[in-house]
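Coordinate-derived values only; no laboratory data. From a predicted model like this one, the values you see are computed outputs, not experimental measurements. Don't worry about glycine lacking a Cβ; one is built from the backbone with ideal geometry, like all the others, and counts go over all protein chains shown.
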Amino acid sequence: MSLRVDNPGPLMLVQDLGRPGLGSLGVPASGALDRPALEAANLLVGNDRADAALEILLGGARVTALAPLWLAITGAAGSALAGGHPAPLNAAFRLEAGESLDLAPAEYGLRYYLGVRGGIDVPGVLGSRSTDTLSGLGPAAVAPGDVLAVGEATRQVLLSEGLPLPVPARGEVDLRVTPGPRLDWFAPGAWAALGSGPWTVSADSNRVGVRLEGTPLERSRNDELPSEGMVTGSLQVPPSGLPILFLADHPTTGGYPVIGVVAETDLPLAAQVRPGQSLRFLPRGR
Amino acid sequence: MLPNGDSAVLLDFDTLDEVLGFYRAADRTRPAGLVDLVPGARTVLATCDPRVLPLRQLREWLETVVPVGSEAVAGASIGIDVRYDGEDLDVVANLLKLTTDDVIELHTTSTWTVAFGGFAPGFGYLVTEHARLVVPRRASPRTLVPAGAVGLAGEFSGIYPRASPGGWQLIGSTDARLWDPSREPPALLTPGATVRFRAVP
């Protein structure tokens, strides 16, 4: 069984739950940025939740089934046509051999997940099929004309009218944040300034991090921070004072102080914010 | 022990030797639910899966770790050819009040040791015995540094294994293959190895 990608859109990547635990080798965890969306796409088509699926930036993509396939679209919100008929979001649907799925550009949210019954079956690297855009581990980005092998599923397709999955926010997005390891490197008002925002998502954002624009945060120490390990969700602040929210492909160590760390449960929201959209940080625990 | 989100703590140390002593000891006694241990220049990052190892238990385990001494591990000796054509070479020379030739001579006559990995697969933080090439990072990181770029930052020298964002001062470039997943080990620079740079046109 296989799937042909006629048009990958701006960026189509194979993603699973990544390769955590190799930070000392400098290997980022990588994996789907919106994990609940990836897991839901897999569960809908009867896969293991950790199977590999396609992470599709923005949409505007087209794939063709080379054998009958069950598919599910989760993540961003928009419209899709399967074999010329409207396809549901957050529900499994079938594509006959030779039929195509046309995924229109998302109306809101930034990343779609396309689950395929059996999972995308490309060779793994260091225990994962994920494309790590920072280190280049895993398969190359999907290119027009690529034919992707599909594996065997073990469970039943979940027949449902559509799962009540959270939809990405259209307006301002709130992310909860706790103090980071280097909060004491910042001026007394910086924590409050981080929380008062708002911050605008920069067009430079990618799977490594969400770059933010706003009023620069003031540091109290301007000496060098010796490079240290950093977690996904870290708000790293370079001398410009503008924080970068680290996502799954972030470097495992960094040399700028981390003022705060976004709650893991809020990271899927951060994966779906678009350039130009506003973020607000809700401080906890201080 | 510094706070670091829902599933990690960062431990601070005074020296790199202390870091490695703690890391070696902790690495030998990893409890279930420990996801990662990442040594840095003065820190060790410990991350956990809180469903298996709650944050409080991670902290308790870290408190029981007894650091072990730094037995000298004789590593490989690696020569790396560098074209000293980096965009920041003049900036580095100015910062150090040296000529660019002085910078190149210092970089090529020093013996560098791989202290630890991190930042990217195949990247080694290289240290040497003097502090004459210590420069700050760039004020704003570049969004794209080419593969093979040789840089300086703080007390370290390093080579970008692959094109990536980065804030190091770039002094040169190399064709050496730093990371090759089909090679065992995939990293050219492994902790303990020594490195000598050679200037090439």
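What number, rounded to the nearest 500 deg cm²/dmol, is the helix-based mean residue ellipticity at 222 nm of chain A, given -39500 (n - 2.57) per DSSP H run of at least four residues and division by all its residues? List each step's numbers first, then the result.
Numbers: 3 runs with 22 residues, N = 286.
Result for chain A: -2000 deg cm²/dmol, rounded to the nearest 500.
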Chain A: longest segment with zero exposed GluC sites (Glu not before Pro), where exposed means DSSP loop plus at most 10 other C-beta atoms within 10 Å, is residues A:1-151
With segment B:77-199 reduced to its Cα atoms and the Debye formula applied, log10 I(q)/I(0) at q = 0.15 1/Å amounts to -0.60
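So what is the diffusion coefficient of segment B:11-143 in µm² per second by Stokes-Einstein at 25 °C and 0.890 mPa s, using a Kirkwood Rh over Cα pairs? All intermediate terms of the calculation are to be shown ahead of the outcome.
On the way: Rh = 17.7 Å.
Value of D from the Cα-based Kirkwood radius: 139 µm²/s.
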proj_area_mean for the protein assembly as shown (convex hull on C-alpha atoms), units nm², value 22.9
Env charge @ A:S135, Cβ radius under 13 Å, K,R +1 / D,E -1, value 0
Applying the gyration tensor rule to the Cα atoms of segment A:207-269 (axes a ≥ b ≥ c; rounded if a/c under 1.5, else prolate if a/b exceeds b/c, else oblate), the class is oblate
Within 10 Å of the Cβ of an average residue in A:28-35, the count of other chain Cβ atoms is 1
Neighbours of A:T252 by Cβ distance under 13 Å: Lys/Arg at +1, Asp/Glu at -1, summed charge -3
Check: C-alpha center segment B:88-132 vs C-alpha center segment A:235-286, spacing in Å is 30
Quarter of the surface of the C-alpha convex hull for chain A, i.e. direction-averaged projected area in nm², equals 14.2
In deg cm²/dmol, rounded to the nearest 500, the helical mean residue ellipticity at 222 nm of chain B, built from -39500 (n - 2.57) for every DSSP H run of length 4 or more, is -6000 deg cm²/dmol
Residues other than A:P168 with Cβ under 10 Å of its Cβ, Lys/Arg counted +1 and Asp/Glu -1, net out at +1
Label model pair A:R280, B:E87: point-to-point distance (7 angstrom along the Cα→beta-carbon line) in nm is 3.8
Given A:120-130, B:149-159, the highest-first ranking by average Cβ count within 10 Å works out to B:149-159, A:120-130
For the B:V68, B:R198 Cβ pair and Förster radius 22 Å, calculated FRET efficiency rounded to 0.05 is 0.05
Quick calc, segment A:45-163, dipole around Cα centre from Cβ unit charges on Lys, Arg (+) and Asp, Glu (-), nearest 20 debye, gives 100
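Using the Kirkwood radius over C-alpha pairs as Rh, can you work out the diffusion coefficient of segment A:2-149 via Stokes-Einstein at 4 °C, viscosity 1.567 mPa s, in µm² per second? Numbers along the way, then the final one.
Working: Rh = 14.9 Å.
Rounded, D is 87 µm²/s.
Return the tail of the calculated pair distribution for segment B:2-72, meaning the percent of Cα-Cα pairs more than 17 Å apart. Display every interim value, and only then the final one.
Working: 891 of 2485 pairs.
That fraction is 36 percent.
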Reduced to Cα centres, the span from segment A:125-174 to segment B:30-72 in Å works out to 31
With label points set 7 Å from each Cα along the Cα-to-Cβ direction at A:T215 and B:E60, the distance between them in nm comes to 4.4
